[in-house]
Structure formats: structure tokens, C-alpha cells
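Q: Take this structure, written in C-alpha cells, and hold onto it; I'll ask about it next.
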Amino acid sequence: MVRPAKPAGPASQADAPAAPPTPAPAGKIIEIPSSLSVKQLAEILRVTPVDVIKQLMRAGVMANINQIIDFQSAGAVAVSYGYQPRPKAQARKAANAVREMKKQQAEEKETPGLKPRPPVVTVMGHVDHGKTKLLDAIRRTNVVATEAGGITQHIGAYQVEVNSQRVTFLDTPGHQAFTAMRARGAQVTDIAVLVVAADDGVMPQTLEAIDHAKAAGVPIVVALNKIDKPEANPDRVKQQLAEAGLVPEDWGGDTIVVPVSAKENKGIAELLENILLVAEMQELKADPNRAATGVVIEAELDKSRGPVATVLVHNGTLRTGDVLVAAAFWGRVKAMFNDAGKQVRRAGPATPVAVLGLGGVPAAGEVFSAVPSEGHAKAMVEKRRSEQAAAARAVNLSTIFEQITAGKVKELPIVLKTDVQGSIEPIRTSLEQLSNEEVKVRVIHSGAGVITENDVMLAAASKGIVIGFSVDADQGARRLAEVEGISVRRDDVIYALVEDVRKVLKGMLVPVKEEVIEGRAEVRAVFPAAKGAKVAGVWVAEGRITRGSSVRVLRGNKVLVESTVASLRRFKEDVREVAAGYEAGIVLKEYNDFEIGDQLVFFRIEERV
């Protein structure tokens, strides 16, 4: 709790900001824009701006917190914290490479030599609905021909066998990981299994998972879990699924719903059989006799073995001794291990393996390919390292009209977040009615509440934008939107919000006033002041707060008032600003109704497109 005012004096140790989070393990790849501020770099590296400034000074670069630095300077700081920096443009190249690979596979679908391949499955659903237990049940009961003792080494993916046919599961349950992969261009999933608890029903994350799978164009199989519980109500859940657009087969729809109990190991075999049925309808094929291509699922720098990449082979067969190129790294495959930790000499289509031998740690979602020789590999890597321009630009409000005109954008996906559920339908209807002959406007996900990282990630994966009605983006969402180049639009008037999008589609958008969040604080105490005023004792959670700045007071998700900072103090001293990690006393202009727990959002207004 904030302490009452006391005589001014040197700040005590308790007043100092909390220690920054520990940086990521050495060897972790991090994407850095071609230019950014010292503050932005500190947020990306998860350290304080002061730490970044010290590292820059050691390198002979003098910069303040708001100064813009180039990639080389930022990269040197990142290396000092154990990261492997790379230009952000490479992520866009990776996405294009995956799309090109998918396109090539589609064109080769009828090529002689193609054979059926296992489907690749991702499990999604609401928290506590049993995703992990379902995956564990599948592992325990049906692991492909492994050594005694089952899985001995987790590599991020594994295979099971059903009626002599294999199914590959990506061990990244949850729509956030699913969409993060897709945002990098790695749409490796063929089927999504949606886990819904029979005693709980369709919940907000369930709806998000449905929207994410639909946006990816992936067929959905529903695992109706926890049917063993006395309070289970399958019919009620099916009704909710139907309302969400997934009409069960026994209700006349086309969505397969399989009752299961991961706890009692019931229905697992039926679920796997239905996955194979959906896979059969997709006619998944690949050529095992060609050079291997695929996608990196995850990678790390192992202290004893060096770079270890978990890869999923899409096409061809990967063999020990092959020369691989993945992003800006290459190497000869020294060894491969399957999901049981057993060393293997080859991996066919839709098979996951851990690979040793690459010269660095590629990012998840990067395409890999086997090439004829080390000379080819070196030439490819050098070419990639020399390319700095982005292969594709994100869709944002300032560039979308020119992309529509050029025929590059046929659809504008929108992620819509509102303050209350009742606002969603009228805004969705108004936005989708803006569709014209050149471009279709489609709301791919909507919900009530603040804009989160997951919303931004879905927009990035779908090449769309995020629109908020009377809601803000949280800190993580703002940071991710800046890194990904995703437009996040906010308005409190429905007409103005819809009119902005209409102007975008017609190329008429002009600069508008938009707020930029400067800081956030939480009210920890309330004190009486002179003339009936009240002082809010706050702790600054992020950014900074400044005397005279605009502020929005929130209680829960409801905006109570917008005002300005009339007085700002540290103990008994008037100050101009207070940074994150410190306490302060605040008086707002013409507002006294503070309560402990209120959130204060400080912002300024800028003109931007």
C-alpha cells in the first residue's frame, strides 16, 4: 500500500524500481527492426533503458532513452545479453517461403510418386478443459513403436498409430501457439482438435480457438471431454457449439463431435479414428523420394550438443548426412532423434525429428530445405543475409488502399474488441457492409475486453487489423503491434470508427487524432486534501506519468472519467514526472471519486494516419 506523505529526503532502497526480468537464455533469436528507440529496445530485451544505455556507452554510442538507434547498435546490445539478433525483415521472408512451399505442394498434388502422408494435428481449447490431459492420454495409450518406458525425450511433436496409420501431434496446445506459428507463415496444421469440457461448455477461449481455426481454414474435430463427470451436459454443449457455427453431425451439421474422458481413457480410440477420417477426406499426400523440405517447429542452443532444431518434414525424406539450410543458417545433419529419443537415420513426410548439425538456432516457423552440397548452402545463406528489405509489408491503415489498388489485398480481416458484448453485433454488421467489389471486409474474431497480444497475433497471422471500441490495448499487445507493424485503431464513437474504415477502403483516409499511451498506474491508497479534494496514492506500473497529461480512470473494464493531472508529487515535493516502479500522489482536475484498485491510463493525442 502507498505510504502517507512524509518529509522529503533521499529515496530509500524500498523506493527503487523492481529489478528487471531476467533476459532470455543465451542463443535465443530475437528480431529487431532496422531502427528503434532505446526504450523500445529495452522492452524487447526485457531489461531497463538504463541497462541499454550503459551497454551502448561501452560500445562508444551515446544515446538517451528516446533516441533512435540503428540495427547494428541495437544488435550489439542484444548480443551482450545472450541473444542472436536478426533483422525483422527475415521473418517476412520466412512467411513467404512457407507460402511458396505450400503453393508448390498444391501444384504437385497430382504429380506421379505422391503417397499418402500422416495428418498434422494441433489441440486447442479453453483453459482447464483438459487439453494437456487429453494429449497425455494419447501419449500413454498409443505411442508409435517406442522403447520401453514410452517417451523419453520431448521434442515438441510426436506420432501415434491408429489401425497401422500414423497421426502427428504438435505439442503446442492452445490457439496462441497455433496462431503464433501461422503468423510466421508456418501453417503446418492440417486438423485442429477443439477440446470442450462437457460440464463447463463453450467459453471465451473456446470461441477464440474456433475463430483462429476458421481463419486458418483448418477443419475442426471437437473432443467433448469430461463426460465422466456427473454434471456433464453434452446436449447443452452441442447447442452452444451450434450457436458458435459448429453444428454437430447428429444435429444435421458437418462437425464431428467425439465424447471422451481423458481421465478415464474413454473415447480416445474413436477420436483418433475420426481424425484419420477427416485426413482421408483431405487427401494429404507427399513425395517421399525427393529432397526434404519442411518447417522448424522449435529450436534451442543446447550446452552440450549445440544448436538443436525440432523440424517437421513436409515433403521428401530427410536423412543423416543431408546438407540443410534453415533461414540464415546451414549445416550437415549429424544426428536425428524421434519423439522417443531414439536415434533415427531418416524421417519421411509429416515426421517430426530433432536435428543436430545446424550452424545456428533458427526461429520457429522458418522453412528448411535439403540442398545438394555445402556450396549451394553457403550461396543461399549469403544471399539471405545480404537481403535487408522486407519481402512483404503488414496490412495497416496507411498502406491498405495502395495494396487494394494493386490487387494485393482482396480481403480485409478485422479483429474487433469492444467494451461490452452488446456492442459487437451492430459494429460487426456495419463494418462488413463496407465490402465492395475490390475488397471484402470480414470480422474474423470479436469479443468484449481489452485488446491482448493474442488479438494482435491473430491479426498478424491473417494480414488484418485490430479495432477497439471503447477499450485499450494492454502493454504486451501494444509492443507486439509495433514490432509486427499491425494497425490498432481505437474509437469511442461507432460512427467515427466505421467511417474511418470506409475512408481507408476508398483511399480517402486523412490524418486523425489518435491517442498514444504514455503510462499506467494503479491506485493503492486515497488521502484527503484541502478544499475537499482527494489525493490518489498510486504505483506506476509501466511507462511514465507527467503533470498536465491526459488520464483515463478505469474501474474494471469501465471508463469512469477522462481528466488531466492537476498535481503530481513524490512525498512532499512537486515533480514534473514519475517513472515506472515508483510511487506518487496524484490530484486530477475536477475528479475525486477514487477507489483502491482503480487503474489510471495516461495518454497524449497525436495526429497520424
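The values are calculated or read from the model by the stated rules, or taken from the named source; none is laboratory data. Treat the numbers as computed from the prediction; the structure is a model and nothing was measured. Virtual Cβ from ideal backbone geometry, glycine too; neighbours counted across all protein chains shown.
So that you can scan it fast, the table gives a plain yes or no per residue for (1) buried (at least 16 other Cβ atoms within 10 Å of the Cβ); (2) modelled with pLDDT of 90 or more; (3) out of contact with any Leu (no Cβ under 8 Å at 6 or more places or on another chain):
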{"residue": "378", "(1), (2), (3)": "no, no, yes"}
{"residue": "386", "(1), (2), (3)": "no, no, yes"}
{"residue": "396", "(1), (2), (3)": "yes, no, yes"}
{"residue": "399", "(1), (2), (3)": "yes, no, yes"}
{"residue": "402", "(1), (2), (3)": "no, no, yes"}
{"residue": "421", "(1), (2), (3)": "no, no, yes"}
{"residue": "438", "(1), (2), (3)": "no, no, no"}
{"residue": "442", "(1), (2), (3)": "yes, no, no"}
{"residue": "452", "(1), (2), (3)": "yes, no, yes"}
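Q: With respect to residue 414, is the statement that it is over 23 Å from residue 515 (Cβ atoms), not assigned by TED's automatic domain parsing to the domain that holds residue 215 and not in a loop (DSSP other than H, G, I, E, B) true?
A: no
Q: Being closer than 27 Å to residue 47 by Cα, modelled with pLDDT under 90 and outside the structural domain of residue 489 (by TED's automatic domain parsing) is the requirement here; does residue 604 meet it?
A: yes
Q: Counting only residues that are modelled with pLDDT of 90 or more and either outside the structural domain of residue 381 (by TED's automatic domain parsing) or part of a loop (DSSP other than H, G, I, E, B) (or both), which one in region 347-362 is surrounded by the fewest Cβ atoms within 10 Å (Cβ to Cβ)?
A: If we take residues in region 347-362 being modelled with pLDDT of 90 or more and either outside the structural domain of residue 381 (by TED's automatic domain parsing) or part of a loop (DSSP other than H, G, I, E, B) (or both), then 348 is surrounded by the fewest Cβ atoms within 10 Å (Cβ to Cβ).
Q: Out of 344, 333, 323, which single residue is surrounded by fewer than 19 Cβ atoms within 10 Å (Cβ to Cβ), farther than 30 Å from residue 460 by Cβ and among the β-branched types (Val, Ile, Thr)?
A: 344
Q: Let me ask something else about it. Here are some residues: 581, 543, 537. Which one is at positive phi and buried (at least 18 other Cβ atoms within 10 Å of the Cβ)?
A: Criteria check complete, one pass: 543.
Q: Out of the residues in region 254-288 that are on the phi > 0 side of the Ramachandran plot and modelled with pLDDT under 90, state the one that is farthest from the chain's Cα centre (by Cα).
A: It comes out as 265.
Let's see how each residue does on (1) buried (at least 19 other Cβ atoms within 10 Å of the Cβ); (2) at pLDDT below 85; (3) under 25 Å from residue 365 (Cβ atoms):
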| residue | (1), (2), (3) |
| --- | --- |
| 35 | no, yes, yes |
| 52 | yes, no, no |
| 83 | yes, yes, yes |
| 86 | yes, yes, yes |
| 91 | yes, yes, yes |
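Q: Looking only at region 150-177, count every residue that is more than 28 Å from the chain's Cα centre (by Cα) and at pLDDT below 80 and tell me the total.
A: 3
Q: While we're on this one: Go through region 447-478 and count every residue that is in contact with a helix residue (DSSP H, G or I) (Cβ under 7 Å, 6 or more places away or on another chain), touching a residue at least 60 places away in the same chain (Cβ under 8 Å) and under 22 Å from residue 245 (Cβ atoms).
A: 7
Q: Looking only at region 98-119, decide whether some residue is part of a strand (DSSP E or B), at pLDDT 65 or above and not hydroxyl-bearing (Ser, Thr, Tyr).
A: The initial filter retains those residues of region 98-119 that are part of a strand (DSSP E or B), namely 115-116.
When the remaining residues are screened for being at pLDDT 65 or above, the result is 115-116.
Subsequent filtering for residues that are not hydroxyl-bearing (Ser, Thr, Tyr) retains 115-116.
Yes, some residue in region 98-119 is part of a strand (DSSP E or B), at pLDDT 65 or above and not hydroxyl-bearing (Ser, Thr, Tyr).
Q: Assess whether residue 291 counts as being of a type outside the set (D, E, K, R) and either under 27 Å from the mean Cα position of the chain (by Cα) or modelled with pLDDT of 90 or more (or both).
A: Here the answer is yes, as residue 291 does meet what is asked.
Q: Hey, another quick one. Can you tell me which of (1) surrounded by fewer than 19 Cβ atoms within 10 Å (Cβ to Cβ); (2) part of a loop (DSSP other than H, G, I, E, B) is the one residue 486 doesn't meet?
A: Residue 486 satisfies every listed condition except (1).
Q: I'd like the full set of residues that are in contact with a helix residue (DSSP H, G or I) (Cβ under 9 Å, 6 or more places away or on another chain) and of a type in the set (Gly, Ala, Ser), limited to region 479-497.
A: Residues satisfying the conditions are 481, 485, 487.
Q: Which count do you get for residues in region 201-240 that are at pLDDT below 90 and of a type in the set (Asp, Glu)?
A: 2
Q: Look through 530, 481 and report the one residue that is surrounded by fewer than 17 Cβ atoms within 10 Å (Cβ to Cβ) and without any contact (Cβ under 8 Å) to a residue 40 or more places away in the chain.
A: One residue alone meets the criteria, 530.
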